[in-house]
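This report refers to the structure that appears directly beneath it.
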Amino acid sequence: MRGFSTRAIHGNISLRDPKGSLRTPIYDSVAFEHASSDSLRLTFEGKKLAYAYSRIANPTVSDFEQRLQLISGGIGVLAVSSGMAAISNTILALAGAGSNIVTSKHLFGNTLSLLDKTLRPWGLEVRYVDTDDPEQVAGAIDAKTSAVFIESITNPQLDVPDCRKISEITAAHQVPLVVDNTLLTPYLFNCGEHGVNIEILSSTKYISGGATSVGGVIIEHGNFDWQQAPRLQERAAKQGQMALLAALRQEVYRNVGACLAPHNAYLQSLGLETMSLRIEKSCANTMALAAYLEKQSLVQGVNYPGLASSPYHDLAAQQFGGRFGGVLTFDLARREECFAFTDALQLVRRATNINDNKTLIIHPASTIFSEYPEVDKLAMGVRPNMLRLSVGIEDYEDLIDDLEEGFKAL
C-alpha cells in the first residue's frame, strides 16, 4: 500500500479528470443533466453511480470523500457541512426516542449541548459515565443503547480513553462505538485498528489546511453488523455493511440538508495534501511548549498527554504512535490572570478554533462552555483558571518569546 501522504495527494489515480486537470475541479453546480429519464430514475434509486443534485452528491465532494477513504482505511466516507453536522447526523441515523447514548461529561462543549439541549427533549436518553473506567461503560449499556460515543482525546480536558478496551466492551454488547477523532485525525490514530466502528472528524481543523473552510466527515470502518442496530435492521438485510451510509445518504443527510459545499471540499482536498507535514510540526511545537510551560513558576499545572507527568502518557504513546496532538492546557492562579496573560500576547491569537496553522489561545470556561453554570463546568473538567493553547506551525522559539510577554504581564 502506498504511504499516507501519497494517498492523500493522489487519491484514486484511476479516476482521472476527463480534461486532464491534476486537481478535481470545483463542480459548483446545483443540478446535473441526464441523457434520459431512465438515467435520472436509476440515479435517484441508487442503482446508477451518477449525480443529480448537489445536496445529495457532488463530484468535488466525492473526490474529497474518496481521498479520506484511502487514508483512513474505512469502507466508505460521507462528507458533511461541519463537525457538529457529522455528530448529529450519525446520532440521528442510529438513535431515536426511547433509546440511549452512553458517553462522558468530558466532551467538547457544543457536543454536550447537542446531546443535552437539542436531542434530549426529543426523547433521547444520555447516560454519562467515566470513560477512564471501562466497567462503567459496560454497566451503562442495555438493550436500548444505540451507541457509545467518546473522543479519542477529549477537548479541552485532554483525557485519553482506552479505545481498544472500550471497543471490546461495545463489541460484546453488539453496540456501535463512535469516536470523534478530530484532535488526531487518521494520521495519528488509526480508529479501525482499535475497534472503532464509526469515526467522526471536524475537517475544519487539521484537514482544511489552516482554517480555510468548515466541514465534517463520517467514516464507516466496516466492522459492525448493522443488523444488531434496531434502526438499521431492515436496511442491513438489503445493504449489509453499507447500511449506515445508505441510511445517511438516502435519508438523514439528504433530509437534514447537511451537505458540504463543493468549494469547501476543494479547499479541504488541498489541505489533505500537506496535513501530515503540518501535524508533525504542530506536535513537535506542542511538545516544546508543554516542556517550557512546566518550568514556569506562575503555571500551576500543564496538561498534555505527551508529558511524562500526564496520567495518560503511556496509553497515549501506545495508541497514537508516540505523537500526542497539537492542543495543551495550562492553569494559572485565577481567571483574571488568564485574561491578563492572553491580552498581552501578540503572535498567539485569541480565537476559538484548534489545529489552525496559527497558534491560538482561549479561556474555555468563559467561551465555549459559557452557557453552563460553574458547578457543571467543574464536573466537565473545565476550570475557571484554565487556558487552552492550540499550537500551530510557526517557529516554536517565536511562540515561546510571545508567551514570555504573557508572563511579564502577570
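Since every read-out is calculated from the coordinates, none of them should be taken as a lab result. Computed from a predicted model, the values in this text were never measured in an experiment. Cβ sites come from the backbone with ideal geometry, for glycine too, and all protein chains shown count toward neighbours.
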Query raised in the report: For helix 262-294, what angle does its Cα long axis make with the longest principal axis of the chain, in degrees from 0 to 90 and rounded to 10?
Result: 20
Report summary line: Expressed as a whole-number percentage, the relative contact order of segment 4-264 with C-alpha contacts under 8 angstrom and at least six residues apart is 22
Query raised in the report: Got a sec to turn the phi values of segment 29-38 into Karplus ³J(HN,Hα) couplings, 6.51 cos²θ - 1.76 cosθ + 1.60 with θ = phi - 60°, whole Hz, x for Gly and Pro?
Result: 10, 7, 10, 10, 7, 10, 6, 8, 5, 5
Query raised in the report: If all Cα-Cα distances of the chain are sorted into 10 Å bins from 0 onward, what percent lands in each bin, rounded to whole numbers?
Result: 5, 22, 31, 25, 12, 4, 1, 0
Report summary line: Residues whose built amide H sits under 5 Å from the amide H of S104, excluding neighbours closer than 5 in sequence, are V129
Query raised in the report: With each run of n ≥ 4 DSSP H residues scored as -39500 (n - 2.57), what mean residue ellipticity at 222 nm is computed for the chain after dividing by its residue count and rounding to the nearest 500 deg cm²/dmol?
Result: -10500 deg cm²/dmol
Requested in this report: Please get the size of the charge dipole for segment 276-408, origin at its Cα centre, with Cβ charges of +1 on Lys and Arg and -1 on Asp and Glu, quoted in debye to the nearest 20.
Outcome: 300
Requested in this report: Using a 10 angstrom cutoff on alpha carbons, build the Gaussian network for the chain and name the most mobile of S213, S88, S310.
Outcome: S310
Query raised in the report: So which of K105/K144; K117/K358; K165/K205; K105/K295; K117/K144 end up more than 23 Å apart, counting from Cα to Cα?
Result: K117/K358; K165/K205; K105/K295
**Report entry** Vicinal HN-Hα couplings computed from phi for segment 112-127 (Karplus, 6.51 cos²θ - 1.76 cosθ + 1.60; Hz; Gly/Pro x)
**Finding:** 4, 5, 4, 5, 7, 9, 9, 8, 4, x, 8, x, 7, 8, 10, 10
Query raised in the report: Between S5 and A351, what FRET efficiency follows from the Cβ-Cβ distance if R0 is 22 Å, with the result rounded to 0.05?
Result: 0.20
Report task. Express the relative contact order of segment 276-408 as a whole percentage, based on alpha carbon pairs under 8 Å and six or more residues apart in sequence. Result -> 29
Query raised in the report: Between G76 and residues 5 or more places away or on another chain, which pairs have amide H atoms under 5 Å apart, with H built 1.01 Å from N, and which residues are they?
Result: E220
**Report entry** Dipole of segment 276-408, positive direction: furthest Cα of A317, M287, P384, with charges on the beta-carbon
**Finding:** A317
Report summary line: Mean separation of Cα contacts under 8 Å (at least 6 apart) over the residue count of segment 37-150, i.e. the relative contact order in percent, is 22
Query - Extension gain from R55 to D133, taking 0.36 nm per residue of separation minus the Cα-Cα distance - result: 24.0 nm
Report summary line: Residue by residue through segment 242-259, the couplings from Karplus 6.51 cos²θ - 1.76 cosθ + 1.60 with θ = phi - 60°, in Hz, x for Gly and Pro, are 8, 4, 5, 5, 5, 4, 5, 5, 8, 9, 5, 4, 5, 6, 6, x, 8, 6
Requested in this report: Quote the FRET efficiency, to the nearest 0.05, computed for L42 versus T118 with a Förster distance R0 of 41 Å and r equal to the Cβ-Cβ distance.
Outcome: 0.65
Report task. Just name one of P156, P25, V217: the one whose Cα is farthest towards the positive end of the charge dipole of the chain (beta-carbon charges, Lys/Arg +1, Asp/Glu -1). Result -> P25
Query raised in the report: Counting only residues 5 or more places away or on other chains, whose amide H sits under 5 Å from the amide H of D180 once H atoms are built in the peptide plane?
Result: I150, E151, S152, I200
Requested in this report: Could you tell me, in Å, what Rg and Dmax come out for the Cα atoms of segment 141-187?
Outcome: 11.5, 35
**Report entry** Total charge dipole magnitude, the chain, about the Cα centre, Cβ charges on Lys, Arg, Asp, Glu only, Debye to nearest 20
**Finding:** 1240
Query raised in the report: N264: net charge of surrounding residues, Cβ under 13 Å, Lys/Arg +1, Asp/Glu -1, itself excluded?
Result: -3
Report summary line: Expressed in nanometres to one decimal, the distance between label points 7 Å along Cα→Cβ at A340 and D28 is 4.9
Report summary line: With the dipole of the chain defined by +1 on each Lys or Arg Cβ and -1 on each Asp or Glu Cβ, the option from P305, F407, I207 whose Cα lies farthest towards the positive pole is I207
